[in-house]
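Worksheet for the structure shown next.
Read-outs throughout are calculated quantities, based only on the coordinates presented, and are distinct from any laboratory measurement. Because the structure is predicted, anything quoted here is derived from the model rather than measured. FYI the Cβ positions are ideal-geometry reconstructions off the backbone, even for glycines, and counts take in every protein chain you see.
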Amino acid sequence: MVVSARNLRSLRKCQQSNCQNETRQLINHFSTAMPIVSRPKWELRLTNHTIRALIRSGRLEDARNMFDKLKQRDIITWNSMIMGYTQRLEVVTAQNLFDQMPERDVVTWNLMISCYMSSRRTEYIEYARYLFDQMPRRDVISWNTMISGYAKIGQIDEALRLFYCMPEKNVVSWNAAISGLLQNGDVKAGIELFKRMPERDAASFSVLVSGLIQNGKLDAAANVLYEFQTSGDTIIDLVYAYNTLIVGYGQKGMIKEARCLFDQIPCYTSKGRSFGRNIVSWNSMIMCYVKAGYIKSARKLFDRMVEKDTVSWNTMISAYVHTSNMKEASKLLTKMPNPDIFSWNLIVSGYAQGGNLGLAYKYFQRIPKKTCVSWNSIIAGCEKNADYEGAIRLFVQMQLERVKPDKHTLSSLLGVCAESIDLHLGMQIHQLVAKSVLPDVPLNNSLITMYAKCGAIVEARSIFDKMKFRKDVISWNAMIGGSGGRRPFPVQIHGLRIWY
């Protein structure tokens, strides 16, 4: 069967519409459509596209199998595979492919350098520098990759040395150097380098503002925005930088400053392009009000929005849920054009945690496509409100619908077993924990509490001892509380042996 350009268009269409089954069928078809002997250029191009599609869909092993079967490869084929391993930081495998390549281009070298620099391991950083020095030809990406890599690992002096040695810099080079200085706390040098830039883009301002916020220099960031609203004859869209600073002010609780900045975002039109507040600006300011507890101010701003997205709606719904105003939260959900799963989960969790399990279950039933978080919200509500039978029924239903439980589900169920003194069910949940998740400290604490409250002190102590140095205060309290009135529990604290 002949593989044509029409197949390639079909593959792209399936990828864009996220039709995973159809994409997989097409890819499997491409892999076996015709023997790979003296393929024409369009056929190799199709093969390369298929390999990249496999990598993008997370099927790196399938891509490698296809790559290994090829009798004809070009430099794009090799680069695609190296990029796949680079994205996974599988440095050794990427290096092996690099070494096997019959020929390399500058993209190949840049991919391998990026792979080494991203690992941040000392020996790999040295390999990256060795490759950089050995490159037959470097482009600006080669230099920028090295500069950015050195800056991220704190070797700012080496990053700057390369920056000043560059034969030709672009705006990305300047941004990388400025970012490196600010990441390493040299605010003065970062601002000075910013002022020396021959040209700036929106990313330049975002890098500077983010770096100044990171160093606690919010006022300096605001001054930069006021001073550099235009750069020469070129109008730059600064709204992203303004949005970043609004969030920064909000994190510091500086709500007045955030609102002042929001109101001062410049609005203008230049060369057919409009600049000004966007939906992220409004959402950021609303979030500032919500975090500070100014719900009425947040709602006023929300009502003024000409255009709202799901983030806008969910932020306000979340605000009402967290202040236990479920009446307003449910009203907003009703008005929301297209509630997403997060919207539904917020309402279910709000009613469940507030003790209204009837309404929580009503909204839970209306969720079009429930996720594990949806089930967790209603099960946790049952646990909190002592509806232990309801929690178990929901868990059974969850299993029947083949929704895989996570740590939060299992922790809630262990709480149910602990409070209802159901050791048999608790042991079954423990088996499920062992099979399905890697227990962390909170989940181990839930297991200890369950066994201790059910009187199975030996099992509780076994889990407690296996935690070794990962115990926290809750672990100790659960073990000590569970041992009270049953048998002595020797605890070793700072070299003192205490019996409870």
Which order, highest average first, do 178-185, 58-65 follow once you tally other Cβ atoms within 10 Å for each residue and take the mean per peptide?
178-185, 58-65
Between Leu432 and Lys369, what's the calculated FRET efficiency when r is the beta-carbon distance and R0 is 22 Å? Round to 0.05.
0.40
Could you give the length gained by full extension between Gln214 and Lys362, i.e. 0.36 nm per residue of separation minus their alpha carbon distance, to one decimal place?
48.8 nm
Quick one: compute the contact order of segment 139-298, relative version, from alpha carbon pairs under 8 angstrom and 6+ residues apart, as a percent.
15
Could you give the C-alpha radius of gyration of segment 199-307 expressed as a fraction of 2.2 N^0.38 Å, taking N as the number of residues it contains?
1.06
To the nearest 20 debye, what charge dipole does segment 73-160 have about its Cα centre, counting +1 at the Cβ of each Lys and Arg and -1 at the Cβ of each Asp and Glu?
200
Mind giving me the nanometre distance, one decimal, between the label points for Arg121 and Ile279, set 7 Å out from Cα along Cα→Cβ?
4.3
For each pair in Lys152/Lys291; Lys188/Lys256; Lys331/Lys404; Lys308/Lys407; Lys407/Lys471; Lys331/Lys370, compute the distance between the two Cα atoms and list the pairs where it is over 25 Å.
Lys152/Lys291; Lys188/Lys256; Lys331/Lys404; Lys308/Lys407
Filter the trypsin sites (Lys or Arg not before Pro) in segment 353-388 down to the DSSP loop ones having no more than 16 other Cβ atoms within 10 Å, then list what survives.
Lys369
How are the C-alpha pair distances of segment 278-421 spread across 5 Å bins, as whole percents from the shortest bin up?
2, 10, 19, 20, 16, 13, 10, 6, 3, 1, 0
Efficiency by 1/(1 + (r/R0)^6): what FRET value for Glu401 and Ser462, r their Cβ-Cβ distance, R0 = 41 Å, to the nearest 0.05?
0.75
Given labels modelled 7 Å from the Cα in the Cβ direction, how far is it in nm from Asp99 to Asp139?
2.7
Tell me the Kirkwood hydrodynamic radius of segment 91-187 in angstroms, computed as one over the mean inverse distance between distinct C-alpha pairs.
13.6
